[in-house]
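Enquirer: One structure, as structure tokens, below. Some questions next.
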Amino acid sequence: MNYKVVLSEEVKAALAAGKPVIALESTIISHGMPYPQNVKTALACQRLARRYGAVPATCAVLNGELHAGLTDEQIDYLGRAGRNVKKVSRRDIPVVMARMEDGATTVAATMFIAHLAGIKVFATGGIGGVHRGAETTMDISADLNELGRTPVAVVCAGPKSVLDIGLTLEYLETQGVPVIAFRTDTVPAFYTRDSGFDAPCRADSVEELAGMVSAMDGLHMNSGMVIVNPIPEKYEMDPDKIDKATIKAVAEAKKKHIEGREVTPFLLSRIAELTGNASLDSNIALVYNNVCLAAKVASTMAMQAAAEPARE
């Protein structure tokens with residue numbers, strides 16, 4: 001069994017040369033959007049990463065092997081197969097590998113693979129967190145524990161709006177995870193720019209973000225960082241509309257006894273239906289926005305590292 005991450009030639013060459021690389025997840029391909037929109041979005045993310053100076057490394061498990069960097073054909077396969085591909089979090093990796101199965105990686109699993117590969121920045125839509133009603137269900141995403149033990153910076157549009165954002169921030173604090181808001185004083189809530197919760201820290205430049213990620217890496221903190229990047233104002237949804245859709249979707253999930261890893265995909269899909277697919281358009285826009293910022297951060301880190309000897 002191969003226990004090393006299979007790198008695409010492009011990713012392998014970039015890492016060897018110290019060039020910027022960003023990780024991308026694959027759950028958004030198989031479980032986040034319908035075909036062919038999922039494939040178009042994934043390929044567009046890769047193009048955006050390159051446009052802003054970084055090599056994209058989409059992560060997945062294929063035939064039992066961990067991959068960082070997928071071909072267009074592999075992405076198309078994941079998109080066509082959809083939910084027939086297993087949704088893989090950290091706990092599922094050994095099982096999927098041993099059975100030589102395919103898996104679409106969540107935030108937690110993508111962080112794990114990225115760290116093994118030596119990739120320090122990861123762009124996604126939104127992170128998982130503490131679910132509403134977790135005081136009785138104990139439904140807390142593995143993403144939060146992964147952030148507490150894996151030194152990868154995750155650029156996102158905040159916790160997904162279906163979550164209890166206040167408790168999610170409390171949990172991240174307990175895990176020692178810095179939450180940095182980019183050019184805003186509040187934590188965004190995925191579809192909206194303001195969750196109503198103050199951000200623990202604010203950064204106003206890409207250079208400052210790059211310095212923070214480099215400091216985390218240089219200190220060997222063995223924990224990650226969350227960089228929250230608000231959805232572009234143009235694509236922000238009406239808070240009342242999205243909240244009503246979310247409340248309705250959560251109630252339906254409870255009535256249908258949908259639990260565990262199936263909750264978030266159901267809620268996002270149902271919210272898209274309830275909003276006439278407006279939420280899907282917003283979802284795609286915020287993912288693109290995060291990829292652009294992640295690529296800029298990784299590129300700036302590489303430039304800062306290259307310039308370091310000149311400052312000594």
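Enquirer: Give the residue, chosen from G118, G53, G18, that is surrounded by fewer than 24 Cβ atoms within 10 Å (Cβ to Cβ) and under 17 Å from L293 (Cβ atoms). Walk me through it before giving the result.
Expert: Numbers: G118 fails: under 17 Å from L293 (Cβ atoms); G18 fails: under 17 Å from L293 (Cβ atoms).
It is G53.
Enquirer: Quick one: how many residues across the stretch 22-38 are surrounded by 18 or more Cβ atoms within 10 Å (Cβ to Cβ) and either touching a Lys or Arg at 6+ places or on another chain (Cβ under 8 Å) or among the acidic types (D, E) (or both)?
Expert: Restricting attention to the stretch 22-38, the residues satisfying the condition of being surrounded by 18 or more Cβ atoms within 10 Å (Cβ to Cβ) are 22-33, 38.
Keeping just the survivors that are either touching a Lys or Arg at 6+ places or on another chain (Cβ under 8 Å) or among the acidic types (D, E) (or both) gives 25, 27, 30-31.
Residues meeting the conditions: 4.
Enquirer: Scan the stretch 47-83 for residues that are polar (S, T, N, Q) and either touching a residue at least 40 places away in the same chain (Cβ under 8 Å) or in contact with a helix residue (DSSP H, G or I) (Cβ under 8 Å, 6 or more places away or on another chain) (or both) and jot them down. Steps first, answer last, please.
Expert: First, the residues of the stretch 47-83 that are polar (S, T, N, Q): 58, 63, 71, 74.
Listed by number, the residues that qualify are T58, T71.
Enquirer: Output the residue which, of all residues in the stretch 228-254 that are touching a Pro at 6+ places or on another chain (Cβ under 9 Å) and among the β-branched types (V, I, T), is surrounded by the fewest Cβ atoms within 10 Å (Cβ to Cβ).
Expert: Step one: filter the stretch 228-254 for residues touching a Pro at 6+ places or on another chain (Cβ under 9 Å), giving 228-231, 236.
Restricting the remaining residues to those that are among the β-branched types (V, I, T) gives 228, 231.
Numbers: V228: 28, I231: 25.
Among them, the one singled out is I231.
Enquirer: Show the residue pairs meeting these rules: Cβ distance below 7 Å; 6+ apart or different chains; first residue within the stretch 136-150 and over 14 Å from E170 (Cα atoms) and crowded, with 16+ Cβ neighbours inside 10 Å; second residue of a type in the set (F, W, Y) and modelled with pLDDT of 95 or more.
Expert: From residues that are over 14 Å from E170 (Cα atoms) and crowded, with 16+ Cβ neighbours inside 10 Å, the pairs are E146/F112; T150/F112.
Enquirer: Would you point out which residue out of A305, A298, A285 is aliphatic (A, V, I, L, M), over 21 Å from the mean Cα position of the chain (by Cα) and at pLDDT 85 or above? It would help to see each step written out before you state the result.
Expert: Working: A298 fails: over 21 Å from the mean Cα position of the chain (by Cα); A285 fails: over 21 Å from the mean Cα position of the chain (by Cα).
Checking each option against the conditions leaves just A305.
Enquirer: Name the residues in the stretch 192-223 that are touching a residue at least 40 places away in the same chain (Cβ under 8 Å), assigned to a loop (DSSP other than H, G, I, E, B) and closer than 17 Å to V155 by Cβ, would you?
Expert: Result: R193, S223.
Enquirer: Got a number for residues in the stretch 225-256 being free of Cβ contacts under 8 Å to residues at least 40 places away in the same chain and closer than 25 Å to R90 by Cβ?
Expert: Residues that pass the stated criteria total 1.
Enquirer: I would also like to ask the following. Out of the stretch 151-167, which residues are surrounded by fewer than 23 Cβ atoms within 10 Å (Cβ to Cβ) and in contact (Cβ under 8 Å) with a residue 40 or more places away in the chain? So that I can check it myself, show each step before the final result.
Expert: Our first condition is that a residue be surrounded by fewer than 23 Cβ atoms within 10 Å (Cβ to Cβ); within the stretch 151-167, this holds for 151, 164-167.
If the condition is that a residue be surrounded by fewer than 23 Cβ atoms within 10 Å (Cβ to Cβ) and in contact (Cβ under 8 Å) with a residue 40 or more places away in the chain, then P151 is the only one that fits.
Enquirer: Take the stretch 100-139 and flag every residue that is of a type in the set (A, V, I, L, M) and either within 25 Å of K19 (Cβ to Cβ) or touching a Phe, Trp or Tyr at 6+ places or on another chain (Cβ under 7 Å) (or both).
Expert: Step one: list which residues in the stretch 100-139 are of a type in the set (A, V, I, L, M), which gives 100, 104, 107-109, 111, 113-114, 116-117, 119, 121, 123, 127, 130, 134, 138.
Correct list: V107, A109, M111, I113, A114, L116, A117, I119, V121, A123, V130.
Enquirer: OK, next. Tell me, which helices (runs of 4 or more DSSP H) wholly within the stretch 89-183 include 1 or more residues that are closer than 21 Å to S8 by Cβ?
Expert: Numbers: elements: 93-98, 107-117, 134-137, 142-149, 165-174.
Correct list: 93-98, 107-117.
The values are calculated or read from the model by the stated rules, or taken from the named source; none is laboratory data. The model shown is predicted, which means the values in this text are computed figures rather than measured ones. Because the Cβ atoms are built from the backbone with ideal geometry, glycine has one as well, and the counts that use them run over all protein chains shown.
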